Amino acid sequence: MAITHNLGFPRIGAKRELKFALEAYWKGQTKEAELQQTGAELRQLHWQQQSGLNWAPVGDFSFYDQVLDTSFTLGHLPERVSNLAGTELDNYFRVARGRAVNDSACQCVHAGEMTKWFDTNYHYIVPEFTQDTEFTLNPARLIRQLQEAKSQGVNAKPVIIGPVTYLWLGKSKDGCDRLQLLDKLLPVYQALLQQLADAGAEWVQIDEPALVTELDRNWQHAVNVAYHQLKAAPVKLLVATYFDELRDNLKLACELPVAGLHIDAVRARTEVVRVIDWLPSHKVLSLGIIDGRNIWKSDLTELLSWLEPISQKLGERLWLAPSCSLLHVPVDLTAEQNLDSEIKNWLAFAQQKIDELSTLATALNEGRASVAEKLAQNRDALAGRRASDRVHNPTVQESVAKITPALGKRASSYSKRTAKQRQQLALPRYPTTTIGSFPQTPQIRKDRLAFKQGELKLDEYQNRMRTEIEYSVREQEALGLDVLVHGEAERNDMVEYFGEQLEGYVFSQFGWVQSYGSRCVKPPILFGDITRPHTMTVEWIRYAQSLTDKPMKGMLTGPVTILNWSFVRDDQPRSETCKQLALAIRKEVLDLQAAGVNIIQIDEAALREGLPLRQSQWQEYLTWAVECFRISANGVKDETQIHTHMCYSEFNDIIDAIAHMDADVITIETSRSDMELLDVFDSFKYPNEIGPGVYDIHSPNIPSEEHIVNLMGKARERIPAERLWINPDCGLKTRQWDEVRPALQNMVSAAKSLRNSA
Ligand SMILES: Nc1nc2c(c(=O)[nH]1)N[C@@H](CNc1ccc(C(=O)N[C@@H](CCC(=O)N[C@@H](CCC(=O)N[C@@H](CCC(=O)O)C(=O)O)C(=O)O)C(=O)O)cc1)CN2
Ligand SMILES: [Zn+2]
């Protein structure tokens, strides 16, 4: 009798109800009660949609981020919000975004740092630790939601982040050893588990994904200490791991004194046999067999053949689940009206994944015959996908086979190139530029929606986008920027836009996935061999260049970032898919050059995110990822200046790979680290030009000229002035013009004053 459960459900809503409710609340258009009501309705709906399972998650819902929720549950808030007026929700949003609703008392504080959740495009708010950090239990939200679920007849299993992973996710602000806090943390967890038990919880899922990373002995020891202390709690604990194999932590995870273990049986399938061997015979084994990171239908028949003997052996001890929380996939495939029907039949979103799980459990519990029709349909869909001639294109495969190292090499070294580029571009010292996007105004979005719904003709849509481009060019000229951009008005997203242009992709209408807070992305679906049937950006850039005598940067997204932010095929290695994308981008680069564009930026914002979770596997990834970037960028002549952009701040451990990309200029995030991270870009390790971001675009705050001059002063201590550019941290699409204008004004005047003082 296999038991089914889910680790977490997407909370944004099939029509992004949560996003709209949050944004209305932040603007002060609605009251807290309305926001709470939307939350309750979404939870109820999502529990109903999971009612076919034996256990549904509770506590996976969040108004912003589940890690921030955990910080609140543990009574662990940054000191800067501890004495401010307002409700708990006000404080919650202050930590999340720097301010509460309509903070009329101007109780704005700097927001908590945001960083990537493991190797996903989801971002969490980083817990901030010092040696004086204290924890106090604040379980009300979780207990209320447990009661809410129970009152609706849900078989509820609370979900929390485990103590070791919680510490692992955070950052020490004073150099303290986070593990020293474990002793203070565990009693709070113990009390929390006690309260959940009192409120009627039988099982609690306690997530410890840190167990799939390389933990040193102190961290491994902490895992043991934690669960030996928590075993006294009067609930059954299911320790959940996901996103990778357990490897060196396998034995440790199996032997913890808890009632069950969940592992990612998609990414760690080869470990299942060993886990079954090691797991004591009283424990539940939860196998995450449905891929929570991708949108393809599972091969149910193949899974059954594998699972039947396991089910025989484990009986009631076998639980089945998606590999990880379904937060990382869209909600419901049936909402899609415009998806190509052949390809739609190959896909499963969150709801369909829940159905797959139920089908598998029924087959195991009642025999395959009981779901024969569903299994047959599933087999047909998969056979169709395998055989489809839309997936395979021999010409593309030949081009990839013909790739040689020469394709990734520029004709001359950086020093030769830069001399020619300087002569041609004649830029001042400390050239100023921006990262690509300008505000995506409500009007731009409205126009695009009208166009997509057929209410606006192509011509008219293009006219309007050209007007937006012209507007941003005039603004940049007025500001006195040196290298201009067209502003990306015509792009819904830097990856989806390219997915829409390339052959081998389809895209959804409602396939939204949360990236941070209320911000979502709609990853395009890469199903087949990639070709570029026509130019994708040339006309827009050419138009923008025609408006000005200043140099206009061509703007592209790089192959690695397109790969990492798409749902990609699982029938060939990612490196193979990436090479196909690289060849397509290379064509675009060469066409831009032919159109007279002599500065081309190729964004690789997600290059670091694609790193495997274990450092021992990094090199293999970096080798092909960097090679793909080089293939896309390096076909150009010496005079063409290649830029790349990366908006994260940890380069120490991959600086060699970054240098090996050999872009003429790299723009990076640095403003929040006070330029310290430039230490790693010193002349030996990084010989080319650098634009260290001088202000944080995630914040509405306007940086002062003095602040920027100050930061650049620090940059100059590390990098020779002739190799420095001045630019923001990242694109400006989420900001408003009223914020962008004064910020860039200060940036440009900072550049002028630096030039004068040189
Ligand atoms: N893919 C990706 N990942 C990334 C980033 C990124 O830029 N792209 N940046 C980093 C941070 N993550 C981010 C993720 C999303 C957004 C973002 O701005 N998302 C927008 C949606 C962007 C989009 O796809 N816009 C579409 C659709 C917009 C829309 O909602 N349209 C409305 C109608 C228009 C309206 O009335 O507003 C509708 O369909 O109902 C468009 O412009 O065409 C949002 O959530 O609001 C920003 C940063 C890391 N990961
Ligand atoms: Zn960026």
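The values are calculated or read from the model by the stated rules, or taken from the named source; none is laboratory data. Note that the structure is a prediction, hence the values are computed from the model and not measured. Here the Cβ positions follow ideal geometry from the backbone for every residue, glycine too, while neighbour counts run over all protein chains shown. To get the accessible areas, we keep the full protein, side chains included, count just its heavy atoms, and leave off ligands, DNA and RNA. Shrake-Rupley method; radii C 1.70, N 1.55, O 1.52, S 1.80 Å.
Tabulated data for the structure shown
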| read-out | value |
| --- | --- |
| Ranked order, ASP332, ASP264, ASP183 - accessible area, probe 1.4 Å, largest first | ASP183, ASP332, ASP264 |
| The chain - share of DSSP beta bridges that are antiparallel (%, nearest 5) | 15 percent |
| Cα-based Rg / Dmax (Å) for the stretch 535-648 | 15.0, 50 |
| Span per principal axis, largest first, for the Cα atoms of the stretch 667-758 (Å) | 40, 27, 18 |
| Summed side-chain charge close to LEU53 - residues other than LEU53 whose Cβ falls under 12 Å, Lys, Arg +1, Asp, Glu -1 | 0 |
| Segment SER616-ILE403, extension gain: residue separation times 0.36 nm, minus the distance between their alpha carbons | 74.0 nm |
| Estimated vicinal HN-Hα couplings, Hz - the stretch 311-319 in sequence order (Karplus 6.51, -1.76, 1.60; Gly, Pro = x) | 5, 4, 6, 8, x, 5, 6, 8, 10 |
| Amide H contacts of CYS520 (H built 1.01 Å from N, under 5 Å, at least 5 apart or other chain) | SER515 |
| The chain: equivalent-ellipsoid semi-axes (sqrt of 5 x gyration tensor eigenvalues, Cα, Å) | 43, 31, 25 |
| Ranking by accessible area, most exposed first, for SER673, SER71, SER82 with a 1.4 Å probe | SER82, SER673, SER71 |
| Solvent-accessible area per residue for the chain (1.4 angstrom probe, square angstrom) | 39 Å² |
| Volume in Å³ per residue [convex hull over Cα atoms, computed for the stretch 330-384] | 72 Å³ |
| Percent RCO, i.e. relative contact order, over the stretch 275-393, from Cα pairs under 8 Å lying at least 6 residues apart | 30 percent |
| Point-charge dipole on Cβ atoms (K/R +1, D/E -1) for the chain, about Cα centre, debye to 20 | 600 debye |
| The stretch 200-244 and the stretch 578-634: distance between their alpha carbon centers, rounded to Å | 38 Å |
| Listed residues THR577, THR362 arranged by accessible area, highest first, probe 1.4 Å | THR362, THR577 |
| Alpha carbon centroid spacing (whole Å) that separates the stretch 475-531 from the stretch 683-758 | 25 Å |
| Note, ³J(HN,Hα) from phi for the stretch 729-745, Karplus 6.51, -1.76, 1.60, rounded to Hz, x at Gly and Pro | 5, 7, x, 9, 5, 8, 9, 9, 4, 5, 8, 5, 4, x, 5, 6, 4 |
| Per-residue HN-Hα couplings for the stretch 463-479 [Karplus 6.51, -1.76, 1.60; θ = phi - 60°; Hz; x = Gly/Pro] | 4, 5, 5, 4, 4, 5, 4, 4, 4, 5, 5, 4, 4, 5, 5, 5, 6 |
| Accessible-area value, LEU592, 1.4 Å probe, nucleic acids and ligands omitted, Å² | 0 Å² |
| For ALA240, distant residues with modelled amide H under 5 Å away | ILE206, ASP207, GLU208, HIS262 |
| For VAL284, residues with placed amide H under 5 Å, excluding near neighbours | GLY260, LEU261 |
| Cα centroid separation - the stretch 246-306 against the stretch 637-678, whole Å | 39 Å |
| Binned Cα-Cα distance frequencies in the stretch 372-444 - 5 Å width, integer % | 3, 9, 8, 8, 8, 8, 10, 12, 12, 7, 5, 4, 3, 1, 0 |
| Accessible surface of the chain, 1.4 Å probe, proportion on carbon and sulfur as whole % | 48 percent |
| The stretch 713-758 - charge dipole about Cα centre, Lys and Arg +1 at Cβ, Asp and Glu -1, debye rounded to 20 | 120 debye |
